[in-house]
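All remarks here apply to the structure that follows.
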Amino acid sequence: MNLIMKKILILFSTLLLVASCEWFEFDNQEGYNAQVEGQFLDSKTGQPLQFGFPNTSTFSIIEEGWDGEATQTWYVKPNGTYINKLTFEGDYRIQTYNSNYYPLTEKFSLKKGGNTRDFTVTPYARILDPKIRYDAGTKQLTATFKVEHADPSKTNKMLVAFLGFTDRFVSDGFNNFTAATAKMSKDVPANGTTEISLFVDVSDKVANNAQFKYNRVHYVRIGALATGAGVNSSYRYNLSPVYEVSSDFQTIQEITNWTED
């Protein structure tokens, strides 16, 4: 073997050794070592806030102290709970500006292993004492409830809507009930004591073709939109829990199990 070939083999072996060391170092970097779950809680009631898909189903988490402070998008379920099984221990910051509650910026830390971290927020509106019922005589599905401004000094208008869809992710973003299909109210009393009723005629197969044409389970909830000067300019609805209505309208029950989603 001549001298040139020996030099080439030595150079190749050196490069291979360096590359192998780098690969070995990469393969042994520690992976995800933390998990976190929690809820978004109403600052007044202490109850989980309800969310709509897709309009309010995400929130931003910033990794503090990392290069560039990368922003992550985490997801919250319609019942106000969230879970992230693939994250790292460290310092973080939640920063939200475009959801159905007043903007939140708050720091928190995660340790290795399991973590529980709840966030307390103030919604723009509160829906109180929601009830869904069906009247077989009038063929009407009715939502009865009260509403209030969470901060009357910042919001002064309240619109409410009865929302319906073909799956459990019903919200203002996934809704087959419109002004032509459901009786909706504008600028309703939002004092928390005035009872409001909205209804939809399930027998009207023309106006309600998209929702009631077929014999199937229906999903409904109530929406309330509170706005004021420079407040909630993205028009984010606050929402009641989701209710499942059987195909014969005889059984109406709140959906409480979201663990499989």
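Each reported figure results from applying straightforward, stated rules to the coordinates on display, with no laboratory input. None of these values were measured; they are calculated from a predicted model. Virtual Cβ from ideal backbone geometry, glycine too; neighbours counted across all protein chains shown.
Which semi-axes, in whole Å and largest first, does the equivalent ellipsoid of the range 82-126 have when worked out from the alpha carbon gyration tensor as the square roots of 5 times its eigenvalues? Each step should come with its number before you reach the end.
Numbers: eigenvalues 114, 25, 15 Å².
Those come to 24, 11, 9 Å.
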### Fully extended contour minus Cα-Cα distance, from Gln250 to Gln47, at 0.36 nm per residue
70.3 nm
### Query
Given springs between every Cα pair under 10 Å in a Gaussian network model of the chain, which of Ala182, Ala136, Ala226 has the largest fluctuation?
Ala136
## Note on the structure
Ranked by GNM mean-square fluctuation in the chain (Cα springs under 10 Å), the top entry among Glu89, Glu64, Glu30 is Glu30
### Message
In whole Hz and in residue order, list the ³J(HN,Hα) couplings for the range 103-119 that follow from phi through the Karplus curve 6.51 cos²θ - 1.76 cosθ + 1.60, θ = phi - 60°; x for Gly and Pro.
### Response
x, 10, 10, 8, 8, 7, 10, 10, 9, 4, x, x, 9, 10, 9, 8, 10
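Grab the alpha carbons of the chain, take their convex hull, and tell me the volume per residue in Å³.
On the way: hull volume 52.1 nm³, N = 261.
It is 200 Å³ per residue.
Extension gain Glu106-Arg93, at 0.36 nm per residue separation less the Cα-Cα distance, in nm?
Details: separation 13, 0.36 × 13 = 4.68 nm, distance 0.55 nm.
Full extension from Glu106 to Arg93 adds 4.1 nm.
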### Query
Using a ≥ b ≥ c from the Cα gyration tensor of the range 125-254 (square roots of the eigenvalues), is it rounded, prolate or oblate, where a/c under 1.5 gives rounded and otherwise the larger of a/b and b/c decides, a/b for prolate?
prolate
### Query
In sequence order, what are the phi-derived ³J(HN,Hα) couplings for the range 166-177 according to the Karplus relation 6.51 cos²θ - 1.76 cosθ + 1.60 with θ = phi - 60°, rounded to whole Hz, with x for glycine and proline?
8, 9, 6, 8, 3, 6, 5, x, 10, 8, 9, 8
## Note on the structure
On each of the three principal axes the extent of the alpha-carbon atoms of the range 34-121, given in whole Å and largest first, is 34, 25, 23
### Message
Taking the alpha-carbon distance from Lys44 and a cut-off under 27 Å, which lysines remain once sequence neighbours fewer than 8 residues away in the same chain are dropped?
### Response
Lys77, Lys107, Lys131, Lys146, Lys154, Lys157, Lys186
### Task
Average the reciprocal distances over every distinct pair of alpha-carbons in the range 93-199, invert the result, and give the Kirkwood radius in Å.
16.5
### Task
Rank-order 95-104, 119-128 by packing density, defined as the average count of other C-beta atoms within 10 Å over each peptide's residues, highest first.
119-128, 95-104
### Task
Measure nothing but the geometry: give the 0 to 90° angle between the long axis through the Cα atoms of 3-27 and the longest principal axis through the Cα atoms of the chain, rounded to 10°.
30
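Just need the Rg to Rh number for the range 142-188, please, alpha carbons only, Kirkwood Rh.
Radius of gyration relative to Kirkwood radius: 1.02.
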